Structure formats: structure tokens, C-alpha cells
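Asker: Quick one: the structure is below, questions incoming.
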Amino acid sequence: MTSERMMTYGGWALSVLAILFLLMDAGMKLAGAQVALEASAQLGFDADQVWVLGVILLVATIFYAFPPTAALGAILITGYLGGAIAVNLQHHRPLVSHMLFGVYIALFVWGGLFLRWPSIRALLPLARG
């Protein structure tokens, strides 16, 4: 198997993991799961705001899941996660487990695209030479 094919499979693996996690998160918000409502309430969100966050995340994840709109989805998810990082920072949540969790998910989202798409690798080279 060629290294290009292995990178593509690895990229899809990262992307699928990110998609599954984001769909689960959006689904819990949309369903009004008690754990999602309680966690969001600790950050100052009302129940009706949690539903809106779920819709936003679901739409961004759907864009990311389809190859023609994956880059747009990655950008939207990055914005969503940036907001989550800011809110966790504002509420003095633990750094590694809470504040940086959005960074971890973003690394899966963008890492998946990086490995799947040669054009992204050309745009964002990890090494020059």
C-alpha cells in the first residue's frame, strides 16, 4: 500500500472519529440530555441556548462530513471550538481537560483534512525542503 493511500485512510479515520464525537455532542444538546444541560448551565447557558448550540454544531459537522464542503465545515467547527475554549477560559476551567479539549478536537478535524487532501498539505507544509 502506498504512503499516499495510508495517509488518506489515516485522514478518514481521524475525520470519522471527530465526526462521531461532534455528532454525539450535538445530539445530546438537541435532545436536551441532562448532562449537556447541566454542563452548559455551569458555563452560563440557558436550556434554549444549548439547543441553538446543538443546531450550530450539527450544521457545521454535516458540512465537514461531506467532502465537497469539508473545508467550510472545518472552518465553522474551528470557530465553534474557539468559542468553547473562550467560555471555558472565562469560567476558569482546568486547562488540559477542559480549555484545551477544543484544541484536541480541532487537531482531529484539521489533521483528518491534512492527511486526506494533498492540497491542504501543500498549503500548510510541516517541513520545508
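Asker: Among the residues of region 73-108, count how many are closer than 18 Å to residue 54 by Cα and either in contact with a strand residue (DSSP E or B) (Cβ under 8 Å, 6 or more places away or on another chain) or hydrophobic (A, V, I, L, M, F, W, C) (or both). Break it down stepwise before answering.
Answerer: We begin by selecting, within region 73-108, every residue closer than 18 Å to residue 54 by Cα; these are 73-88, 101-102, 105-106.
When the remaining residues are screened for being either in contact with a strand residue (DSSP E or B) (Cβ under 8 Å, 6 or more places away or on another chain) or hydrophobic (A, V, I, L, M, F, W, C) (or both), the result is 74-77, 81, 84-87, 101, 105-106.
Matching residues across region 73-108 total 12.
Asker: Here's something else I'd like to know. Scan region 26-45 and report the pairs whose first residue is on the phi > 0 side of the Ramachandran plot and whose second residue is surrounded by 17 or more Cβ atoms within 10 Å (Cβ to Cβ), with Cβ atoms within less than 6 Å and a gap of 6+ or a chain change.
Answerer: The qualifying pairs do not exist here.
Asker: Okay, next question. One residue is enough: does region 15-32 have a residue meeting the conditions not hydrophobic (A, V, I, L, M, F, W, C) and not in a helix (DSSP H, G or I)?
Answerer: Scanning region 15-32 turns up at least one residue that is not hydrophobic (A, V, I, L, M, F, W, C) and not in a helix (DSSP H, G or I).
Asker: Shifting gears a bit: From the residues in region 31-52 that are closer than 15 Å to residue 101 by Cβ and in contact with a helix residue (DSSP H, G or I) (Cβ under 6 Å, 6 or more places away or on another chain), which one is surrounded by the fewest Cβ atoms within 10 Å (Cβ to Cβ)?
Answerer: Looking at the filtered set, the residue picked out is 43.
Asker: Take residue 73 and decide whether it is touching a residue at least 12 places away in the same chain (Cβ under 8 Å) and surrounded by fewer than 18 Cβ atoms within 10 Å (Cβ to Cβ).
Answerer: no
Asker: Next question. How about region 40-57: which of its residues are part of a helix (DSSP H, G or I), more than 18 Å from the chain's Cα centre (by Cα) and within 20 Å of residue 89 (Cβ to Cβ)?
Answerer: Pass one, region 40-57, residues part of a helix (DSSP H, G or I): 40-42, 47-57.
Those still in the list that are more than 18 Å from the chain's Cα centre (by Cα) too: 41-42, 47-49.
Of everything in region 40-57, those that are part of a helix (DSSP H, G or I), more than 18 Å from the chain's Cα centre (by Cα) and within 20 Å of residue 89 (Cβ to Cβ) turn out to be 41, 42, 49.
Asker: hydroxyl-bearing (Ser, Thr, Tyr), over 17 Å from the mean Cα position of the chain (by Cα) and either more than 23 Å from residue 91 (Cα to Cα) or surrounded by fewer than 18 Cβ atoms within 10 Å (Cβ to Cβ) (or both), is that true of residue 64? Spell out how you get there, then give the answer.
Answerer: Working: hydroxyl-bearing (Ser, Thr, Tyr): yes; over 17 Å from the mean Cα position of the chain (by Cα): no; either more than 23 Å from residue 91 (Cα to Cα) or surrounded by fewer than 18 Cβ atoms within 10 Å (Cβ to Cβ) (or both): yes.
Considered against the rule, which asks whether it is hydroxyl-bearing (Ser, Thr, Tyr), over 17 Å from the mean Cα position of the chain (by Cα) and either more than 23 Å from residue 91 (Cα to Cα) or surrounded by fewer than 18 Cβ atoms within 10 Å (Cβ to Cβ) (or both), residue 64 comes out as no.
Asker: Can you find a residue that is modelled with pLDDT under 95 and either more than 17 Å from the chain's Cα centre (by Cα) or of a type in the set (Phe, Trp, Tyr) (or both) anywhere in region 68-85?
Answerer: no
The values are calculated or read from the model by the stated rules, or taken from the named source; none is laboratory data. The shown structure was predicted, so the numbers you read here are calculated from the model rather than taken from an experiment. Here the Cβ is made from the backbone with ideal geometry for all residues, glycine too, and neighbour counts use every protein chain on show.
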